[in-house]
Amino acid sequence: MNITMNKPATNQAKKISSHERPTKVDVLEICDLHANIGKLKILNGINLTIRSCEIHAIMGPNGSGKSTLCNVLMGHPKYEVVKGSAKFNGKEILELDPNERANLGLFLGFQHPLEIAGVSMGNFLRLARNLNLKAAGETKQISPMEFMPMLKETVGLLKMDEKFISRSVNEGFSGGEKKRAEIVQMAVLKPKIAMLDEIDSGLDIDALKIVAEGIVETFKKTGLGVLLITHYQRLLNYITPDFVHVMAKGKIIQSGDKKLALELEKHGYEKFPKVDNR
Amino acid sequence: MSVPVSTQKIIKNTLGEYKFGFKTRNKAVFKTAQGGLTAAMVKAISNRKKEPKWMLDYRLKALEIFEKKPMPAWGGDLSGIDFKKIHYYLQPQDRPKNNWEDVPKDIKDTFEKLGIPEAERKFLAGTGAQFESEVIYHSLQKELTKKGVVFESTDIALQKYPEIFRQYFGKVIPAHDNKFAALNSAVWSGGSFIYVPKGVHIELPLQAYFRINAENMGQFERTLIIADEGSSVHYVEGCLPAGELVSNGHKFTNIEAVKTSDLIVTDDGKHHKVKALMTRPYKGTMLKIIPVSRENSFRLTTEHPVLCIQRKINWLPEVSTKKLMATKPEYIPAGKLKKGDFIVYTTPTKTEDNEIFTEDLLKILGLYLAEGSISFNKSLKLNALAFSFGKKESEKNMAEDLILTIKKLGHKASITKSKGLYYTVISYSKNLIDLCLTHCDKGAHHKKLSQTIMELPVEKQKILLKNYLKGDGSVYIRKDYPSKMIRAGTASKTLAFQLQEIIARMGIYANISLPEASQDVIGNRIITRQDQYIVEYTENKKFNEVRRKDNNYFVPIKEIKSENYNGFVFNLEVKETNSYLVKGFAVHNCTAPTYSTNSLHSAVVEIIVKKGARVQYTTIQNWSHNVYNLVTKRAFAYRDAEMFWLDCNLGSKLTMKYPAIFLMEPGARGEVQSLAFANKNQHQDAGAKIIHNAPNTTSKIVAKSISKGSGRSSYRGLLKVTKGARNIKSHVSCDALLLDGASRSDTYPTMKIEESEVAIAHEATVSKIGEEQLFYLMSRGLTEEEAASAIVNGFAKPIIKQLPMEYALELNRLLELEMTGSVG
């Protein structure tokens, strides 16, 4: 089933005031994407289009290929693309290095963020932001004086202590702190399309709320397109998706609006005939 | 003048120069012959140094031990050392110098090129102090002497303090300790001797640089540090190579300071990005190309291609311009160049107007360059900008004209007449002072023009030059032919080359020379010249041996000298054109193969830390990749004393170094922290030894190693607790980081614990930079190289952050260099 639903964005998108709405709509268009890890086929023909100001949620049982989709789109070297295309604003990205994709405006919030000893969060994010700007042809770089207040504000928004800025990236962070830090990164790097891989896993109810608010806030401010990978409806109580997709065996088998998520919550995946337990 | 204590430094102990492209000459006065070490040679060294008999006996005995001891079979591969091919002694100057004035200019230049004042300048930027190495040297030496501290070269200390020297020398590391300690004991030369009296604390680090510079040279320095009861000292030794000046467009930069992705000017006069900076060890002939304008001389290897028009057989000495213009310059290996060939001086073409530079402002800046100074007025607590003029009427007119100009720009200024009847114009306008600082810097030796000025349209630069020459210039007009010779003198090397560039943009190739210190008359004033660069050019010259074509000047070679060289050479890879400008002249990046010969560095460092004293010994080494670095370092720490070794090892072919601490009495504390980077064809076998010889002693070892490109690093450690040494605490941690699958890391920890009441913790980790970590950083926009570099720097950070700032910067830069994949 090919899903390229292009009805106007609803919900949160309406809350974006007109002057903040991006003048240019960014589009990530995935077409018949097949990917393997070794000889194992994981993605079997994904079709999906994500635009600015849209929130997509992908749900599906374990092993259906949700995380793989994110990693393949970001350029993880472990996966081999065997067929299909992914175009960002018309430009094929599957041949690009991960940093080139990031510089185009793609972001991946990791399910398990990595720890980088000795590299401070603040310096790292400023470096990354400046590299993004440089790649976009900006000649001016952001100085620490400009960057740090913005970072502090964002860290505050995620209810994190300012000292996280000077701590090493994710080192010694709790699971919840790591997830919040991913949203901090997304907020300051200002991507055009963000993929958030199980950003809700391992969060208690308060942290879940904070993370969700952080996502919604960034969405409202920048009008980015969001792809949420999640197992649970509860995240969607805070972030109302425009589209919900159900994925199984490396394919999207059904798409709908937020009601689909509620149905899933109620009946589980058994309801979907194409989903069987592998 | 007060200089922040942390930035003061003593510069001691060097053995000449070892860089690509310098005008310093290595005047070795005495050098032992090749062909292996003999008793006669040891006697010759000792006689040469006029040593007492006991030292000669000690050396001869050590030689016997050296000959008897077998090569160590453990650790690294030592088979590449040929003891017959090593020079055991080289004396770079007649006698070790004690006063800065006595230090020969060659050596001073070496320090200059080591970038030391440069680092200081950067550090001091924005503060009121001005860095003058002489002053610091004096004030520091005075301060040390006042406190009774002895800080001498080890050779001098033997002559001046024979009793104390004999009492401690060879006591911590006797000659029979190991083969290389024996070798050092037989042929040692140089190194530092430090004695810190009871209760004296030296807050600033004492520093020394050691380098190997001659062919197959052995470097056998001997350092002895005695910290008497309750005293403290921090000693830093470093080995930092440096290189030739290349053009950034607006100024020349030391080649080794160029970073990947910096913009430099190439043979087309345009800015291009640097792809990589490469260094390699080089042994062989080094050519010095001396063109018209001697100070533009540069040195390079014979294979290095230079843009050139070779003189044809049928050309007259004064070849016609027409013939020359019809010939296209080509890249020719430096070894094939001949006297009279034309090399190509290129001026950058980038031009960008900036409206703030009005004729009036340029006039002020021009005069500032020549006559201006900025100082802090203590009573007013304000910076003051002062222009000094002579006492003649014409000078008075100039001063009054300047005041009018300043006022026209809306600033205040006043004129004073000092005791000597010189006219001085003073302004406190912050805005004006900032403009002068930003665009011209300050201090006679450091004045330089900003990039903005260097890129202004040539008409504007002419205005600046005209006004500059009013102050620092003089004009000679020939009567028979209406040509005008113009000379200017400046103490700033950077400014001299910038003026040459501006004049070249005006259409004339100027000559830069550096006459010996002398007296000169300029503008009716007698000026004593200390290292004044003279920039000289002639307008309307009848015949000029230098010819111009657009932004290129074809400059004849006056002389080519060749000399033997052994050390690092530097090379740049530049995007698109792969050329760069050395002292203004176009050269191609060198494609010569890596060449290597083996040298030996075998130092001995003995340290005695008495009751309640503290010694920190910091090392940053980046030896050439053909050096065997086999060093014995050991300290004795007595009651409640503290010894700290901080050891960073980059470069070298093989390093075997295990700083040791013997904790001799209760309460003593020892700590060794080390960082090793093993790149391709390198083996870093480093570690630490701690011997708990007394109860209630504590120790800590932190060893970090990085291996890349099949490099190998090993941690070799010994922790020993002797019988009776109860209540011991010790913590050992070794972390290894492998950057790829081909690299290797081993850990050889040895523990000999003869007592039961001990608390010992040992941790070891080996991690490989993972795909996942790289992917994570890359997903945020870092390239793979940047990501790996960030991980390496993060890994090394706990060590780096303990270094003095300028060393921390240097080490970061060195790590970056190792990570660019171009070294080795």
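Filtering the stretch B:695-719 to residues that are assigned to a strand (DSSP E or B) and not hydroxyl-bearing (Ser, Thr, Tyr) leaves B:Lys700, B:Ile701, B:Val702, B:Ala703, B:Lys704, B:Ile706, B:Arg712, B:Arg716, B:Gly717, B:Leu718, B:Leu719.
All conditions in (1) under 15 Å from A:Glu95 (Cα atoms); (2) not in a loop (DSSP other than H, G, I, E, B) hold for A:Ile50, with the sole exception of (1). For the stretch A:180-204, the candidate set comprises residues that are part of a loop (DSSP other than H, G, I, E, B) and in contact with a Ser or Thr (Cβ under 7 Å, 6 or more places away or on another chain); within that set, the residue that is farthest from the other protein chains (Cβ to nearest Cβ) is A:Asp200.
For the stretch B:745-796, what are the residues that are open to solvent by 60 Å² or more (accessible area, probe 1.4 Å) and touching a residue at least 60 places away in the same chain (Cβ under 8 Å)? Once the filter is applied, which keeps residues that are open to solvent by 60 Å² or more (accessible area, probe 1.4 Å) and touching a residue at least 60 places away in the same chain (Cβ under 8 Å), the stretch B:745-796 yields only B:Tyr748. For B:Ser707, the conditions (1) crowded, with 24+ Cβ neighbours inside 10 Å; (2) touching a Gly at 6+ places or on another chain (Cβ under 6 Å) all hold with the exception of (2).
Within the stretch B:797-806, if we keep just the residues that are touching a residue at least 24 places away in the same chain (Cβ under 8 Å) and open to solvent by 50 Å² or more (accessible area, probe 1.4 Å), the residue that is farthest from the other protein chains (Cβ to nearest Cβ) turns out to be B:Met805. Among the residues in the stretch B:680-694, are any open to solvent by less than 20 Å² (accessible area, probe 1.4 Å), within 15 Å of B:Leu737 (Cβ to Cβ) and part of a strand (DSSP E or B)? So far as the stretch B:680-694 goes, yes, one or more of its residues are open to solvent by less than 20 Å² (accessible area, probe 1.4 Å), within 15 Å of B:Leu737 (Cβ to Cβ) and part of a strand (DSSP E or B). For B:Thr765, are the conditions met, namely being within 13 Å of chain A (Cβ to nearest Cβ), among the hydroxyl-bearing types (Ser, Thr, Tyr) and in contact with an Asp or Glu (Cβ under 7 Å, 6 or more places away or on another chain)? Yes, satisfied.
Residue check: A:Ile93 meets all listed conditions (1) farther than 17 Å from A:Lys190 by Cβ; (2) open to solvent by 30 Å² or more (accessible area, probe 1.4 Å); (3) within 14 Å of another protein chain (Cβ to nearest Cβ) but one, namely (2).
So which residues in the stretch A:148-168 are within 23 Å of the chain's Cα centre (by Cα) and of a type outside the set (S, T, N, Q), if there are any at all? Listed by number, the residues that qualify are A:Met150, A:Leu151, A:Lys152, A:Glu153, A:Val155, A:Gly156, A:Leu157, A:Leu158, A:Lys159, A:Met160, A:Phe164, A:Ile165. Regarding B:Glu786, is this residue at the interface with chain A (Cβ under 8 Å from one of its Cβ atoms) and modelled with pLDDT under 90? Yes. Counted as qualifying within the stretch B:185-297 are the strands (runs of 3 or more DSSP E) with 3 or more residues that are modelled with pLDDT of 65 or more and of a type outside the set (Val, Ile, Thr), namely B:192-196, B:222-227, B:232-239, B:271-291.
Within the stretch A:164-179, if we keep just the residues that are open to solvent by less than 40 Å² (accessible area, probe 1.4 Å) and of a type outside the set (D, E, K, R), the residue that is farthest from the other protein chains (Cβ to nearest Cβ) turns out to be A:Gly176.
Checked against (1) under 22 Å from B:Asn544 (Cβ atoms); (2) open to solvent by less than 20 Å² (accessible area, probe 1.4 Å), B:Gly471 passes all but a single condition, namely (1).
For the stretch B:307-323, the set of residues classified as within 21 Å of B:Ala510 (Cα to Cα) and crowded, with 17+ Cβ neighbours inside 10 Å consists of B:Leu307, B:Cys308, B:Ile309, B:Val319, listed by residue number.
Residues that are at the interface with another protein chain (Cβ under 7 Å from one of its Cβ atoms) and on the phi > 0 side of the Ramachandran plot within the stretch A:96-135 comprise just one, A:Gly118. Out of the residues in the stretch A:214-251 meeting the condition of being open to solvent by 20 Å² or more (accessible area, probe 1.4 Å) and without any contact (Cβ under 8 Å) to a residue 40 or more places away in the chain, tell me which one is nearest to A:Leu43 (Cα to Cα). It comes out as A:Tyr232. Need at least 1 residues that are free of Cβ contacts under 8 Å to residues at least 40 places away in the same chain and among the hydrophobic types (A, V, I, L, M, F, W, C) per element, so show me which strands (runs of 3 or more DSSP E) inside the stretch B:337-419 make the cut, counting only ones lying wholly within it. In the stretch B:337-419, B:382-388, B:414-417 are the strands (runs of 3 or more DSSP E) which contain 1 or more residues that are free of Cβ contacts under 8 Å to residues at least 40 places away in the same chain and among the hydrophobic types (A, V, I, L, M, F, W, C). Every test in (1) within 14 Å of chain A (Cβ to nearest Cβ); (2) at pLDDT below 90 is passed by B:Arg813 save one, and that test is (1).
The values are calculated or read from the model by the stated rules, or taken from the named source; none is laboratory data. Because the structure is predicted, anything quoted here is derived from the model rather than measured. Reconstructed Cβ throughout: ideal geometry from the backbone, glycine too, with neighbour counts over all protein chains shown. To get the accessible areas, we keep the full protein, side chains included, count just its heavy atoms, and leave off ligands, DNA and RNA. Shrake-Rupley method; radii C 1.70, N 1.55, O 1.52, S 1.80 Å.
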